[in-house]
C-alpha cells in the first residue's frame with residue numbers, strides 16, 4: 001500500500017483520538033499507553049537513560065503523556081514530545097509543559113527529527129503503511145541521532161502491509177526494514193503480542 005499525505009494522516013489519527021477508537025482505559029492513545037502496561041518498559045527505559053544520559057530525549061509520537069510522565073528523566077535531560085494530533089498536543093503542553101519538557105506537533109513520516117541524542121518511536125510504526133514506516137526509519141538513518149528505540153516483534157517472519165491507522169506487529173530486523181539485531185531489547189509485551197519489545201538500535 002502507498003503512504004498517505006500528511007494532512008490525511010493527521011485527519012486519521014486525530015479522528016481516532018477524538019472518538020477514542022483504540023479504547024484505552026487510561027489513555028486515548030490506546031491500551032498500550034496505560035501506566036500498568038508500561039511498568040516493565042519504564043523500569044528498563046530509566047536504566048537506559050541513566051546509563052546514556054541523553055541531553056535531548058525525543059519521544060515521537062508521544063501520545064498524551066499518560067505513561068511517560070512516570071518515567072524519571074536524568075538531571076540535565078530535556079524531554080521533547082511530538083505527535084501528529086494537534087489538539088492532543090495543545091492539551092498535553094498545557095498540562096505537562098515545563099522548563100525541561102516541551103511538546104510540539106510533528107508528522108514523523110514527513111518531517112525529519114530534531115538533533116536529539118535518543119529517539120523513542122513507540123507504538124507507532126505498526127499503525128502505518130510499510131511505505132510510511134520505512135520513511136520514518138529512513139529519517140533516523142539520515143539523522144545524527146545515535147539511538148533509535150522502536151517496537152519490534154521478533155517472532156514475526158513476514159511484515160504485512162495495512163491501511164493507515166490499523167495495526168499489525170512488525171519485525172524491524174526483517175525486510176523491508178533490515179535493521180538487523182538490536183543492541184538490546186526492552187520488555188514491552190502486550191496480550192495481543194506477548195513477544196513485542198522495544199529494540200534499541202545505534203547508528
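Its residue count N fixes a reference of 2.2 N^0.38 Å for the stretch 35-112, and the Cα radius of gyration divided by that reference is 1.08.
For the stretch 90-181, the average shadow cast by the Cα convex hull is 6.8 nm², which is a quarter of the hull's surface.
Order 53-61, 35-43, 93-101 from most to least packed using the mean count of other Cβ atoms within 10 Å.
Averaged packing, sorted descending, gives the order 53-61, 35-43, 93-101.
Cβ-to-Cβ counts within 10 Å put 203, 120 in ascending order as 203, 120, the fewest first. Taking 18 Å as the cut-off, the amide N atoms of the stretch 111-149 that come nearer than this to a point 7 Å along the Cα-to-beta-carbon line of residue 195 belong to 126.
In terms of Cα atoms, the Rg and Dmax of the chain work out to 15.5, 44 Å. Helical runs (DSSP H, four residues minimum) scored at -39500 (n - 2.57) apiece and divided by the length of the chain put the mean residue ellipticity at 222 nm at -8000 deg cm²/dmol.
A short reminder: the numbers here are calculations on the coordinates, not readings from a lab. Because the structure is predicted, anything quoted here is derived from the model rather than measured. Because the Cβ atoms are built from the backbone with ideal geometry, glycine has one as well, and the counts that use them run over all protein chains shown.
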